1. List, please: which pairs have Cβ atoms under 9 Å, are six or more places apart or on different chains, and start with a residue in region 61-87 that is within 13 Å of residue 24 (Cβ to Cβ) and end with one that is among the small types (Gly, Ala, Ser) and outside any loop (DSSP other than H, G, I, E, B)?
2. Failed condition for residue 44, given (1) modelled with pLDDT of 95 or more; (2) surrounded by 12 or more Cβ atoms within 10 Å (Cβ to Cβ); (3) in a loop (DSSP other than H, G, I, E, B); (4) not hydroxyl-bearing (Ser, Thr, Tyr), with all others met?
3. Would you tally the residues in region 64-78 being within 16 Å of residue 23 (Cβ to Cβ) and surrounded by 13 or more Cβ atoms within 10 Å (Cβ to Cβ)?
4. Scanning region 1-41 for residues that are among the polar types (S, T, N, Q) and in a helix (DSSP H, G or I), which turns out modelled with the highest pLDDT?
Amino acid sequence: MNTEDPIFIFDSFIPQKEWPTIRKVSIKFKDILVLKWISFNNINIYRRHYLKVTYKNQQVKHISISLSTKNDLKQYVKIFNQHLKSK
């Protein structure tokens, strides 16, 4: 495998040995209502992002990520899922 491939950005969150057991990966968020009510000037301090990993046995794992990491990963999620289906 080529280590320059963009799918290897997921290696820091999901070990490669788990990749064959993964069905799909997606990026989700959850709002914290208390922080949402007291937020000022439309700042998104109340939104928590995470990587949702669904395994082939229907088990789900949530990995917390930052907003900047979410923006980096977002463009590669579809490519990574296609890679998982091709294996």
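The values are calculated or read from the model by the stated rules, or taken from the named source; none is laboratory data. Bear in mind that the values here come from a model prediction, so they are computed numbers and not experimental data. All Cβ positions, glycine included, derive from the backbone under ideal geometry; neighbour counts span all protein chains shown.
1. 77/26; 81/26
2. With respect to (1) modelled with pLDDT of 95 or more; (2) surrounded by 12 or more Cβ atoms within 10 Å (Cβ to Cβ); (3) in a loop (DSSP other than H, G, I, E, B); (4) not hydroxyl-bearing (Ser, Thr, Tyr), residue 44 is out only on (1).
3. Residues that pass the stated criteria total 1.
4. Ranking the qualifying residues of region 1-41, first place goes to 21.
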